[in-house]
Structures are given as structure tokens and as C-alpha cells.
6 protein chains.
Amino acid sequence: MKLRSATWTDVADCETDLALVPVGSTEQHGPHAPLGTDVITAETIADAATERSDREIVRAPTIPIGVAEEHRQFPGTMWVSAETFRNYVHESIASLASHGLDRVVIVNGHGGNVAALREVGARLTRDGTAYAVPFTWFDAVGDHSSDMGHGGPLETALLAHLEPDLVREDRLEEARAGAADGWGEWVSHANLAYDSAEFTENGVVGDPGEGSADRGAELYDLATDALVRLVDAVAERDVSRPDQRG
Amino acid sequence: MKLRSATWTDVADCETDLALVPVGSTEQHGPHAPLGTDVITAETIADAATERSDREIVRAPTIPIGVAEEHRQFPGTMWVSAETFRNYVHESIASLASHGLDRVVIVNGHGGNVAALREVGARLTRDGTAYAVPFTWFDAVGDHSSDMGHGGPLETALLAHLEPDLVREDRLEEARAGAADGWGEWVSHANLAYDSAEFTENGVVGDPGEGSADRGAELYDLATDALVRLVDAVAERDVSRPDQRG
Amino acid sequence: MKLRSATWTDVADCETDLALVPVGSTEQHGPHAPLGTDVITAETIADAATERSDREIVRAPTIPIGVAEEHRQFPGTMWVSAETFRNYVHESIASLASHGLDRVVIVNGHGGNVAALREVGARLTRDGTAYAVPFTWFDAVGDHSSDMGHGGPLETALLAHLEPDLVREDRLEEARAGAADGWGEWVSHANLAYDSAEFTENGVVGDPGEGSADRGAELYDLATDALVRLVDAVAERDVSRPDQRG
Amino acid sequence: MKLRSATWTDVADCETDLALVPVGSTEQHGPHAPLGTDVITAETIADAATERSDREIVRAPTIPIGVAEEHRQFPGTMWVSAETFRNYVHESIASLASHGLDRVVIVNGHGGNVAALREVGARLTRDGTAYAVPFTWFDAVGDHSSDMGHGGPLETALLAHLEPDLVREDRLEEARAGAADGWGEWVSHANLAYDSAEFTENGVVGDPGEGSADRGAELYDLATDALVRLVDAVAERDVSRPDQRG
Amino acid sequence: MKLRSATWTDVADCETDLALVPVGSTEQHGPHAPLGTDVITAETIADAATERSDREIVRAPTIPIGVAEEHRQFPGTMWVSAETFRNYVHESIASLASHGLDRVVIVNGHGGNVAALREVGARLTRDGTAYAVPFTWFDAVGDHSSDMGHGGPLETALLAHLEPDLVREDRLEEARAGAADGWGEWVSHANLAYDSAEFTENGVVGDPGEGSADRGAELYDLATDALVRLVDAVAERDVSRPDQRG
Amino acid sequence: MKLRSATWTDVADCETDLALVPVGSTEQHGPHAPLGTDVITAETIADAATERSDREIVRAPTIPIGVAEEHRQFPGTMWVSAETFRNYVHESIASLASHGLDRVVIVNGHGGNVAALREVGARLTRDGTAYAVPFTWFDAVGDHSSDMGHGGPLETALLAHLEPDLVREDRLEEARAGAADGWGEWVSHANLAYDSAEFTENGVVGDPGEGSADRGAELYDLATDALVRLVDAVAERDVSRPDQRG
């Protein structure tokens, strides 16, 4: 059930404590992929899992602006501070929990949100407000995960499957040409870079030419199934906190 | 241009300083209208004005959760604190301004956001970060504005025009029966109520039966034209701050 | 009972849960009216209602500095941020509530404080800390209310009644000459101005020449009676929060 | 010049950078002295120095609620957190400084405010916003200072001089009987008590019977003269910050 | 027991509610004494009392950076804002209290921390989180206390006793030559200075030549004994909060 | 140069912009390893690199309490919130930068600090306050890194090399018996656990029996060399921020 189209009486009639909260980012994804990539992917995977699961799940609206200051040199990129993002997600989930929707998976489409979401989930869970666990779709697509870049093969593929018009085929060559091979600049396992513009000319990391619609269909299935499994685990977990030791 | 589907290179190529930031709320709108009403209306009016205007305008994604604690007793209603909402909107707009998109109209669909958005606009403007002005569509529909309730004639009408499937025709009678005549409980021009559940049984204020699709089409035109005029004024305004007096 | 002159034992002996907290602003009111206008008016109306009411009421000291950044271009204007103002008022009222004075009317003399006070009242009330309702005197003077400007007919009149020496009669002509007709600059029901210096040369809005002492006496009576009625309503209201719906 | 009664044009015409900001507290002062004691004393001393000084000085309104949680067990005591108090004082002074009133003495009547005011003064001064120094009247009355208690000889005396009606002569005996000899409960120069109710039965520290009006007159003169001297020093001080060493 | 070297099982086996939390500062102490002076002295006194006391005491790690902005002009001086310092100390103690270590003495080596620590102790105690009392060693060394400066006789003496290598004997003459006689610049009992560089050329206050190792040994004993007595008092105190009066 | 023992004049004489800030945590490390493990390891590696490097480096004091709420069920574990930790580290580094020590490596010993330190480093760097990069020693020990647990082989080994008395050999068997194999409880690449007590009985993850002193010596060398290389890279990096794209 999507909150966008449901009425409050629909929610009242629905017997579940499960909710999905999609979280994206509006940020550069190279010259070939849209600023809304992380919004589209997170929302779509959340919807797919809501349908594919046997459980009743409430799907919240997608939070569209995240922790993306690392792309600030690229026009159109939007962001909020990590602190504001944490508060916004935290309080949004707490409002769901006030209605008994207190087992929540945060469905995330952006790497820059990961640490913040983990902090939010911990706070909500430890305080007993809600049990909330973040899920980042591209971490859960099997061996493909190691190909994750930025505007690279995985995101391009999933977009090509979901909304092919949004991938500018005519700019793929340019996208590949200006792309970085990997994320960051590393010495002694420390990343010396804070802004993506320090290491990628056009904002791309990885080869978007490896992002076919067929591959996207496979990613879609893998991520959706993984999310369905996670929802099952969240639904059944004992979320009481451990006793003090000693 | 919608940021959702544009690339950063598209934004870089676009010569404008104008942006629209739609802001809604995910909250109860009675038994007949969806929780996403304020998101849908704000976003649609913003899109209509973007198209109808002669100017180049960047349309940001819609911020979907606002200051709606006053509806917290109704299942599915989401909200954040006014402080967090202000920060989220403020920083989102500041990120646009960093790219030169520093004349912004915040297109608002929810009465509970109004005071917070005015505070945000003042802060951004006085600090010279961006010139940002909030616009609330139902304040700008001529004589219709006096009929504004909650899930009442205006919102029902606009939804009936935009997404008729989302209006539950079969619950309109029930919606009308449990509705309040007006917003709040007033003594000496002070509102004694803080939660809508103090004065409306089912969350509705006003008669949704007065919300035909035809009326919705008229509201759509009125609000869109008003927003286009406002964008013109924002584009041309001298936004320098006044000198100290004396 | 005024806290300024009462001892703690007096308060302990007093059986009431009612308090008035006057809130003003120290800000320009044109060349003819003092910076303390909003302090004087709020405090006086609060005192008048304390006397005129049949109920025992505790009157707190007047908070003299409010949300007045919109007048910052005029020398002598003081202000704090809306956030700090909210916290200051909130915690002041919470301290009263700790002594059982937990039905509070905030008696306000400044338009710029209105939104912030509503937010404070909501927070205190929803959290169960105190039931607190703001009252702004110039909203509650019948048909006169539509004449409200800034340093205009209503404030000048009330001052002329309360402290005639503080109205500079010899500057009234100058005050009228540099005044604006209305507050703000409006397009499509959005106010394009954030600072009063954008639309008024000398800080005045409305015609202070329409502010006779006789009119002030009438305003005094109307506002006082309205406040007495509001105190009655606050005293008798069921302030328990509504049940969750559905 | 008192901001309460001055107009903005008066302030504009006044050539000074000097301001006094009185800060009090609304808190218990025993069964014989009013809750407003610290407001009255701070404000009066500030006014006296404004008159006695040869310099032009702007006197701001008195901030009436301070850091007084240590008296919270006594009815009628009001307080805000130290953080909110700091912000309120800080921003109030910053607003004065925006008009060139950037040499400020904070005239304080309450011991509980001292540490907070020092922190505020440091912040304003180091940031170059204003040069602000707190002055606490009872620290600057010569040998009398060692008699300072709470609602004790000094405050009772000054009140007896300033507003004799506010001292309840008929409760002086009771006040003395329930008073503590000294402030706090000390072991190894650490105060074990945080609330005054831990060591004083009726809120009094020291013997209010030693607080005659004659003594009050002397305190008034001593404190006023000390404040005039401080204003001179503040007016003439080089407030530029020292260079980095080394 | 020092937490640095104890295991969690050691703490679990230990039956005490007493903890010491040393707090220092890393800041200039003249040309002859190390930046770590306040860390070394606080930690050593805490350790000495832990040993000398008959009670079981848990000794937390030393918090090494405090409220020292007043020394910012001297290279190597570190500091955090008072607000951050308060939060860091507050939360550190709250974490101890979660394990039942809820009677805490904060052993302080830096004058600039005093006000902040008092605020922290009050908050923890009033909220019932922990009973926490700050102890500043140089306030508790009998008549010596009146000789306290900065990098002066007392600190130099204690260092000469504890870690003689850290006192640069060859710079003592220089240290004395550039020292101030007293802390601050005072008019009417108000300190006009906010930075130590306003009144001391080389950061020293007082004569470090009066800081022999023998004197340091005496200070060490005096401070340790005073702290042991304070721990006894803290262990045995009734920490329940007083009842409301009246 | 260690700030603990250096004077401000030593720092003034030292020509470098390089600083190391060790950051640990005081938290459970099983029944066999001390609560101070992360403090000891971070500090020691920082000292070793300071010595081994050809460059002049200032070593700040070790921040001893970090983001360790995940171990809160184990006695003696201390922590602060991530927000307070970020502020404390941020401001500490900013104070160093005010003296020209504005190329900083944060030498970290605790996994729970990693995300917070990255956020701090980004903020400092993007604001131009300092260029600060976190380094976590156990990420930079070659193939050993994959053996990282908690109180497991790597930490036990390094302690056995550095301070053998702190490893309780007689509890190693018990430590192994109650240990978890891996950190967390994972479904679909999401960690369902927030507290370590959810998945480890005695707080240990990994086999501490694999933590010999010889292995510790190797880890010490690997980590030190890695840190020296990182310091070189930090010293020589162009830290100007990239230009806006497009």
C-alpha cells in the first residue's frame, strides 16, 4: 500500500507493522544519466518488493534529497547536511511508528546516505521508537555489487530497464571517456578525496557501457528478492534489546 | 526542466536562475482523499507553471513530508518537527543556489507548512543565500480561497481534475457527514485547538461534495496563472537589501 | 498577582493554575511612537485582564525582545532569532508549569511573534507540559482589527490612552507622510518583501493620525474583555489530547 | 536613553556606541522579598548609572528570566536553561551591535547568571560582534560584598531603599529564622548542593534584618559609581584582539 | 581501578558506584611548562586519591581538551567550545552511570573548565542521571590556593614533583620576566580581558620560581587528601532532590 | 613532538603544518583485553609514525572516548553520541589549524568511529578549516586486515606486543569460547544487529588465541609504515577544492 494514494482509513484497516521508506538523492550521475537516478531506483525497488512480498507492507513517499555534498561541483546536485538528513529521516520514521508501523526498512539508492542511515536506524532501535534497518540495493545484487561505480554499469543498467528514455544513449561514449576507474584516491586505505570532482572529470565512475537493460532486469530481480528476504527477517526478528552483561 | 530526469550537463547548459521547489505533506485528508493530496497538488501546479511560463525554470523534486503533527491522531499521517523541516528546506534551496539557481519559489500544498516556509525564505533572503518566496496554491485561487477546508471542496476538486481515481466517490457522503464546518475552535480570535482531531471526527473540514472535477480544472488554471505571475515578479525583483535607516 | 512584586510564599498560597505571560518586542514604531510599544501594550492588557477577571491569575514578567528582524534597518530595533525566542518562551512557561501554573495565555503585542508563539503553544500542549495559547491583542478588537498597521492607528491610539507622553504629537505629520498604506508587497498572495524597510520609508504602516486617545480607550476595553473571555475558556477547557483514530 | 520610550529616530540621532543591558531573574527571594528582586535591582542600577554618567548611554529593556533552576523548588521561580539564556542575551546584544551600539555592559542582578554572561561576553568579543562585559552589582559594593547571601542583607537593603513596599517587614523575623548562614554545602572547596532547597528552608541566605534602607542607599551609590567607572573603561578600551604569539 | 587497563569483567566484578573522571586541557603554560600540564596534574591527583582512599573507585580516562580559547593566541593551545565540552563530559559520565557508576567526582586541572563542569554536574544531578561534583585541585590546597596563577608557582611546583623533566629550568628566568602578576584586567570587579594574551606577554601569571618540587609534594598531598575527603562525602550523601516548597 | 610535553614556545619554533590526532574508545574488549585497547593502539601507532617519519609532526593528545554505544551492555564501556564526538574532534582539529597545523591525520583505533571521522574530515576540508583525513590502523595491515574482529586476533596481538601485561593470558580460553565468528547478523547485506551483545556473548569477535606478540610486532610495523606513507601524501597533496563543473 502506497501512502501517496491510500486514505487514512485504508491505513487504519490495514493490519501490519511493516513499512518501507525509500531514500534517494538528487545528484549528478554523469552526462548520460539523470539527477533523479537514486530516487528512481530506490523507489522502484521498494515498490517491487511491496508487490512481490506475501506480507502487507506500507510504502512511504520517497525522500528525494540526501547526503550528496561530495557532488556539489556538478550543476543541479542537491544536498542537505548529514545532520539534517538524519533528523528528517528519523522523525519521518518516528511518525510512522506512532501509528504502529514500527518495523521499517529504509530502502536506499545512494552510497553517501549509508553511514547516516545506519546512525538513524541505531538511534530509533536503541530508543525503542522503531526497529529500522537500512538496505542499499546495489550492495545486494550478488557478484554485480563489485561493479558498482557512480553512474556506472549498475545504475545505468537498472535505469535502462526501468526508464530507458532517461538514459542518453548518445552520450554514453562521452560518459565512458571522462569516467574514473574507481571511487576515491587511496593511500594506506585512507581516501584522500572528499569531492568526486577530485577524481572524476564528468562525475562518472565505472563504465556505463556495461549497463544494458538486460543486466538491469537481472539487478531488479536480485535486489527485489533480497529486499523481500530482508523484510521477512525484519518482520520476524526479536527486537528486544539485550540484557546488561555481568 | 525537471531535475528528476535532467542530467547535470543539461542543467549546466540551461541559462536561468529560477527554480521551483514543491513542498507537500503526507497526511490524512479524510476517508475519501489520499494521504498524498498535498504532494500531488503542489507538484502538479509547479509542473503546470513550469510549462506555462515563458521563462526557463528548473523544477526540483517534491519534498513529501512536512509540518503535519496536527493530524497525528489519523493513521498514516507523517510529519517532522518544524525545526527539521525548516532545515531540510533551507539546505535544499541553498544547494540549488550554489549552482546559481538563487531565485526560488517554494510551491506549497499544505497549510501547516506556511509559517515554517516564511521563516526559511526570510533567512535565505536576508543572508543573501537565495531569494526564496513561498507560494501556497489555495491562497491564490480568487474567491475560491475562502472555501478552503481540509480534504474539503478545493482539494477534492483539484484531485478530481488531476487524478480522479484517487478520490473515493463512494465515501464522499461519509466524508461530508463527519466533517467540521471550519478549522479550529476559536475564542477571542485565538484557536484553542492544536490537533485537528479536537474538532473534526474524520479529519475533513468543509464539504467535499462541492469538489467537482470542473471546479478542479478552474482551480488548476487559477493557481497556475498565479504562480506564473509570481515567478515573473521573482525573476525581476531587485533583491538587494535596504540600507540602514538614519 | 504580579510575580514581580509577589513572594514565593504568596504564590504558594495562591490557588490557581492560570498564568498570563506578556510578550512584546523592542522595535521601531515610526518617528512618533516608542521602541517599547509592543512591550507596553502587551503588559498593560495583561494587567487589565488580571484585574478585570473574576479568577485568580498569576502575571509573569514581560518578555521584552522578540522576533523583529524585519525591522533591523531601523536603529534601536532589537531581536533574537525565532528559534531562540521559541526556546526562551517555551522554557519560561515550562518553569511556571512546574509549579502547577499550567494553563497559560501568552499575551502578545507583536505580529512578528505570532507564528513562533503558535509553535511554542503547540509543543507545550502536545507534550503535556502546559496548555498554552497565544493571544494577540490587536486581533481581538472587533472591526478595528482591520485597521492594524505598524505604528499606525491602533498602536498609536492605545499608547495615547495608556502613556500619552510617549506619543510624539509633533511628529505625527511626518509619520503619516512617510508611512506605507499596507504591510508588504504582494503578488499572487505571496509577500515579496522580508524587511519592512522594503516598503515603508519611516517604518510606519497606516495613518497614526487616526489613533486618538478615545479610540485607544475603546481598544483597551475590547482587548481586555476579549482576553478575560479567553482566560475563562482556557480555564475550563478539557485539555486532554484526542484518541488515535481508527 | 531608554529604548522603551525612545523612538528609532531618537536612537539614530544619538551619537554613542555604549549600551547597558540589564539582566535579572524572576525567582524566590524568601518570604519577605519579591520574586522580581533581581530585575528591580539590575534595572535600577542601570538607570542610575545612565543618569550619573557624563556619557550618552542607551539602556535596553531588562531581560527578566535567567538561569535560576537552583531555586526551582520554590513556587513562582521561573528559569530557562543556561543555553537558551546565553542565546537570548547573545542575540539581543548582537542586534544592538548591528546599529553601532557595540560597547555593552550587561548589568546583572543574579548570581546564577554570572558564568553564562561571561561566556556570552567572551563569544561576542572574540567574534568581533560586540565588546560586552558583565557587571554584577553586588560584587562591586566594597566590603559589603562579603555579606551577599540570597534575599539577605544586601538585596533586602537595596529593595528597602528602592521600593520599600516590596519588603514585607512583618515577615522579616520568619525570613531570618529559616535562613541559611551561607550558600551551599562545601567539602574540599566543592559545593555538594545544586538546589538551594538543599541548604535553606525558606530560600533565604544571610540575615535580612541587616538590610536597612540606609544601607540600601549606600549600596545604591556604591554600585552606581562602580558601574559608571566601568562604562568609562569600556568606552575607552582598545578592544582589538591580541596578535598570535610566536 | 583504571578503565584503561581493566577489562569489562573486572568492572562487572567490582562493587562500587564511585568514579573519578579527570579533565584537563592542552594549553600553553608559559615557556617553561608543558601544554599538557592540566592533563598531568588532574590525572595524577585522581590516581593518587584512587589509591589512597579506602573505597573502591573506578578511574576513567582523562579528557584532554577543554575550554581554553582564552589562550588561543599561544601556539599549540587546543580547545573546544564550552557547549561541546559540556556535552562531551555529560555524555561520558552518563555512560558510566548506565553501569551503576553514578556517583562521580570530576577531577579538574583547568580554571577555564570550572563553570562548564558546574553546569554539567547540575544537569546530571537534577535529571537523576548521576550525582556528579567537580573538584579543582588548586582550589583545595589550603593557603597555597591564593598563589594560583597560570604556569605559576603551584602548577610549576606540582610538575616539578611529578615529572621534573617537563619543567624547563633554563627558561624559568624568562618565564618570570614575562609573567603577569595577576589574572585579568579588572575595573569595578569586572574583568575587561577575555584572552590571556591581553595581560600576559608569555602566558605566565605568577612567579614560577616559587614552584619548587618540595612545595609540589605538599600540594600533591593536600590535594589528594582533599579529594579523598570529597569522595567520602559524595559516597555518603543523600542525593535525592528536595521536595517542592509550600 | 608531543603536545603533552612540549611548551608553546617549542611549538612556535617548530616549522610544520602536520599533526596527528589519535582517537580511541574506552570500551569492552572481551574478558581478556582492556577497556583502553583502542586508546593504546591508536596512540602507539601515532607515536611510532611520528618517530619513524622524516617529517616534523605534532602529536596531539589522544581523545579517549568515542562512538561506542554498540557495546553499552558491557560494564565499563564509555561513549558519547556521534554528534558530540564529531563536534569534539572537529573543534579540537580546528584549534590546531588556528596555529597553522592544518594538515591532519586522525589516527583511529575503533571501528565505531570511522563514519563519524569521515564526516568530520569532509566538513573541515570543504570549509577550508583544515585538511583532515582519518586513518584506521587495522584497515592498513595488509592481509591481516581481513582477520579483524573485536578483541580478536589483531587487537590481542598488538597489545601483546605493546603492553603484554594488559592481555590476560589466563582468560584467553574463556574469551575464545564466548566469541562470535563475525561482526553482526546479516540478511541481504544488511546488518540486523545494532548492539554487539546481540551476537557475541562475551564481547569478543574472532579468535584472540591467534593474537601472538610476534604477530603484533608485524602489525605494528605494517600500520606504522602505512601511516608514514599517508602522512607523506597528506603533506604533499594539493588540497584546493575543485572548480565548479560546466
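The values are calculated or read from the model by the stated rules, or taken from the named source; none is laboratory data. Quick caveat: nothing in here was measured; it's all calculated off a predicted structure. Positions of Cβ are generated from backbone atoms using ideal geometry, with glycine treated the same way; all protein chains shown enter the neighbour counts. When the accessible area is computed, the model is the full protein with side chains, heavy atoms only, and any ligands, DNA or RNA have been set aside. Shrake-Rupley method; radii C 1.70, N 1.55, O 1.52, S 1.80 Å.
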Practice problem: Could you run through the range D:201-246 and say how many residues are open to solvent by less than 10 Å² (accessible area, probe 1.4 Å), of a type in the set (A, V, I, L, M), in a helix (DSSP H, G or I) and over 18 Å from D:Pro22 (Cβ atoms)? | Solution: 0
Self-check item: Hits in the range C:103-120 (condition: in a strand (DSSP E or B) and of a type outside the set (A, V, I, L, M))
Solution: C:Arg103, C:Asn108
Exercise. Return only the number of the condition from (1) touching a Ser or Thr at 6+ places or on another chain (Cβ under 8 Å); (2) at pLDDT below 95 that F:Glu15 does not satisfy.
Key: (1)
Quiz prompt | Residue in the range A:94-112 that is within 16 Å of the chain's Cα centre (by Cα) and open to solvent by 20 Å² or more (accessible area, probe 1.4 Å) present | solution = yes
Quiz prompt | Of all residues making up the range B:159-191, the number that are away from every other protein chain (no Cβ under 13 Å) and assigned to a helix (DSSP H, G or I) | solution = 5
Practice problem: Scan the range F:81-91 residue by residue and report those that are under 16 Å from the mean Cα position of the chain (by Cα) and either open to solvent by less than 30 Å² (accessible area, probe 1.4 Å) or within 21 Å of E:Arg59 (Cα to Cα) (or both). | Solution: F:Ala82, F:Phe85, F:Arg86, F:Tyr88, F:Val89
Self-check item: Residue tally, condition without any contact (Cβ under 8 Å) to a residue 60 or more places away in the chain and open to solvent by less than 10 Å² (accessible area, probe 1.4 Å), over the range F:1-35
Solution: 5
Self-check item: Test result for D:Ser145, part of a helix (DSSP H, G or I), free of Cβ contacts under 8 Å to residues at least 60 places away in the same chain, at the interface with chain E (Cβ under 10 Å from one of its Cβ atoms) and not β-branched (Val, Ile, Thr)
Solution: yes
Quiz item: When you go through (1) more than 8 Å from chain B (Cβ to nearest Cβ); (2) of a type in the set (Ser, Thr, Tyr); (3) open to solvent by 10 Å² or more (accessible area, probe 1.4 Å) one by one for A:Thr41, which number turns out not to apply?
Solution: (3)
Quiz item: If you go through the range A:147-170 one residue at a time, do you hit one that is of a type in the set (Lys, Arg) and under 15 Å from the mean Cα position of the chain (by Cα)?
Solution: no
Practice problem: Can you tell me which residue among B:Arg215, B:Arg229, B:Arg237 is basic (Lys, Arg), away from chain D (no Cβ under 14 Å) and touching a Pro at 6+ places or on another chain (Cβ under 8 Å)? | Solution: B:Arg215
Quiz prompt | Output for the range E:234-244, where each listed residue is over 13 Å from E:Pro134 (Cα atoms) and not polar (S, T, N, Q) | solution = E:Ala235, E:Glu236, E:Arg237, E:Asp238, E:Val239, E:Arg241, E:Pro242, E:Asp243
Quiz prompt | Filter pass, F:Thr84 being of a type in the set (S, T, N, Q) and assigned to a loop (DSSP other than H, G, I, E, B) | solution = no
Quiz item: Taking C:Pro61 and the conditions (1) of a type outside the set (Gly, Ala, Ser); (2) under 24 Å from C:Glu83 (Cα atoms); (3) buried (at least 24 other Cβ atoms within 10 Å of the Cβ), which numbered condition does it fall short on, given that it satisfies the others?
Solution: (3)
Quiz item: Of the residues B:Gly76, B:Gly100, which is within 14 Å of chain F (Cβ to nearest Cβ) and part of a loop (DSSP other than H, G, I, E, B)?
Solution: B:Gly100
Exercise. State whether one or more residues within the range E:67-85 are without any contact (Cβ under 8 Å) to a residue 12 or more places away in the chain, over 26 Å from E:Leu172 (Cβ atoms) and in contact with a helix residue (DSSP H, G or I) (Cβ under 8 Å, 6 or more places away or on another chain).
Key: yes
Quiz item: Of all residues in the range C:125-142 being in contact (Cβ under 8 Å) with a residue 60 or more places away in the chain, assigned to a loop (DSSP other than H, G, I, E, B) and over 22 Å from C:Pro34 (Cα atoms), which is most open to solvent (accessible area, probe 1.4 Å)?
Solution: C:Gly128
Quiz item: Would the range E:42-52 turn up any residue that is modelled with pLDDT of 95 or more, in contact with a Phe, Trp or Tyr (Cβ under 7 Å, 6 or more places away or on another chain) and not in a helix (DSSP H, G or I)?
Solution: no
Quiz prompt | Cβ pairs under 6 Å, 6+ apart, first in the range B:109-124 and under 20 Å from B:Asp38 (Cα atoms) and at the interface with chain C (Cβ under 10 Å from one of its Cβ atoms), second open to solvent by 40 Å² or more (accessible area, probe 1.4 Å) and assigned to a helix (DSSP H, G or I) | solution = B:Ala115/C:Ala115
Exercise. Scan the range D:194-206 and report the pairs whose first residue is at the interface with chain E (Cβ under 9 Å from one of its Cβ atoms) and whose second residue is part of a helix (DSSP H, G or I) and polar (S, T, N, Q), with Cβ atoms within less than 6 Å and a gap of 6+ or a chain change.
Key: D:Tyr194/E:Thr125
